[in-house]
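Chemist: One structure is given below, represented as structure tokens, and several questions about it will come after.
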Amino acid sequence: MHNDLCKEGYAQYIFLSHDKNVYTDYGFCLTDMRRDRQNNPITGSYTEVFEEMIPLLKQKGVSDIYIEDMMLNNPRRYFEGVAPQKYSL
């Protein structure tokens, strides 16, 4: 599915990122939904995109061109206010 989306031209609209804050219990610490830290520890790291997501995308057949767009070109283009271009693959 990931590679299909890229081949259909959606890679130019995708950004790869994550928020380390998703591994916290801030919202649930005073409720019954709080984490059982012994049996469900906080996991993950700030490098998860590079260590987990990118290798998984490559394993699924997503090319380096698309990954470079999602990690570098798309964010740059967004902050520069430039519209996406059609791929010529």
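FYI, it's all coordinate maths here, none of it is from the lab. Quantities reported herein were computed from a predicted structural model and do not represent experimental measurements. Neighbour counts run over all protein chains shown; Cβ positions are idealised from the backbone, glycine included.
Chemist: Per residue of region 54-66, what does 6.51 cos²θ - 1.76 cosθ + 1.60 with θ = phi - 60° give for ³J(HN,Hα)? Whole Hz please, x for Gly and Pro, Karplus curve as stated.
Modeler: 5, x, 5, 4, 5, 4, 7, x, 6, 6, 4, 4, 5
Chemist: Using label points projected 7 Å from each Cα along Cα→Cβ, tell me how many nm separate Ser17 and Ala83, to one decimal.
Modeler: Once both label points are built, they end up 2.4 nm from each other.
Chemist: In nm, what is the difference between 0.36 nm times the number of residues separating Glu68 and Asp4 and their Cα-Cα distance?
Modeler: Difference between extended and current length: 21.4 nm.
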